[in-house]
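In what follows, a single structure is set out as structure tokens and then discussed.
The values are calculated or read from the model by the stated rules, or taken from the named source; none is laboratory data. Quantities reported herein were computed from a predicted structural model and do not represent experimental measurements. Cβ: placed from backbone, ideal geometry, glycine included. Neighbour counts: every protein chain shown. SASA here: full protein model, heavy atoms, side chains in, ligands and nucleic acids out. Shrake-Rupley method; radii C 1.70, N 1.55, O 1.52, S 1.80 Å.
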Amino acid sequence: MEKKVSYLIKLLLQMGYFFSACDGYIDERETQFVNQFIERVQENHKISNEKVEELRNIVDENIDIDVIIGNTKELLTLVDEQEKQPLLRSLSYFIYQIIRADGIILPVEDAYYARWKEYFMLDDNTDIADLME
């Protein structure tokens, strides 16, 4: 369990950095959203602050969308089949909230998000409310 959650937090950190920075500017609202989201995951899974900081320190900020896709694929190998679709939808929601956090979705953000969704065959109607049913 801890391996899966640690990998999830690492991926969230990578996604957070990549999608916040892909437009050439990291807005404080994007960073705040990422940090709050990770805190919720941390609290829900009882992960220590030290472990999260350790993961923050090993995240390479020089990544591209192919690394994000590859690491998402790797995370999917750590979860049961019935968890994959809800996990992808949650990650899609996470990305969408990052790119809209500063109040504008730029074409470069939208293009990377579309590429990630296309790879995982997610439609444009991904809605977090679907996960709450």
Condition (residue is open to solvent by 90 Å² or more (accessible area, probe 1.4 Å) and at pLDDT 95 or above) applied to the stretch 3-11: is it met by at least one residue?
no
Scan the stretch 1-49 for residues that are part of a loop (DSSP other than H, G, I, E, B) and within 29 Å of Pro107 (Cα to Cα) and report the count.
6
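Yes or no: Glu53 at pLDDT below 90 and either outside any helix (DSSP H, G or I) or more than 14 Å from the chain's Cα centre (by Cα) (or both)?
Criteria met by Glu53.
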Restricting attention to the stretch 35-55, which residues are in contact (Cβ under 8 Å) with a residue 24 or more places away in the chain and more than 22 Å from Tyr96 (Cβ to Cβ)?
His45, Ile47, Lys51, Val52, Leu55
Pick from the stretch 61-73 the residues that are touching a residue at least 24 places away in the same chain (Cβ under 8 Å) and assigned to a loop (DSSP other than H, G, I, E, B): which of them is farthest from Tyr119 (Cα to Cα)?
Glu61
I need the full set of residues from the stretch 12-22 which are open to solvent by less than 30 Å² (accessible area, probe 1.4 Å) and aromatic (Phe, Trp, Tyr), in order please.
Phe18, Phe19
Output for the stretch 74-87, where each listed residue is surrounded by fewer than 11 Cβ atoms within 10 Å (Cβ to Cβ) and part of a helix (DSSP H, G or I):
Glu81, Gln82
Do we have any residue at all in the stretch 43-61 that's open to solvent by less than 20 Å² (accessible area, probe 1.4 Å), of a type outside the set (Val, Ile, Thr), more than 14 Å from Ile95 (Cα to Cα) and out of contact with any strand residue (DSSP E or B) (no Cβ under 7 Å at 6 or more places or on another chain)?
yes
Could you list all residues from the stretch 88-120 that are open to solvent by 30 Å² or more (accessible area, probe 1.4 Å), assigned to a helix (DSSP H, G or I) and of a type in the set (A, V, I, L, M)?
Val108, Ala111, Ala114
Hey, any hits in the stretch 23-34 for a residue that's in contact (Cβ under 8 Å) with a residue 24 or more places away in the chain, farther than 19 Å from Met121 by Cβ, aliphatic (A, V, I, L, M) and open to solvent by 20 Å² or more (accessible area, probe 1.4 Å)?
no
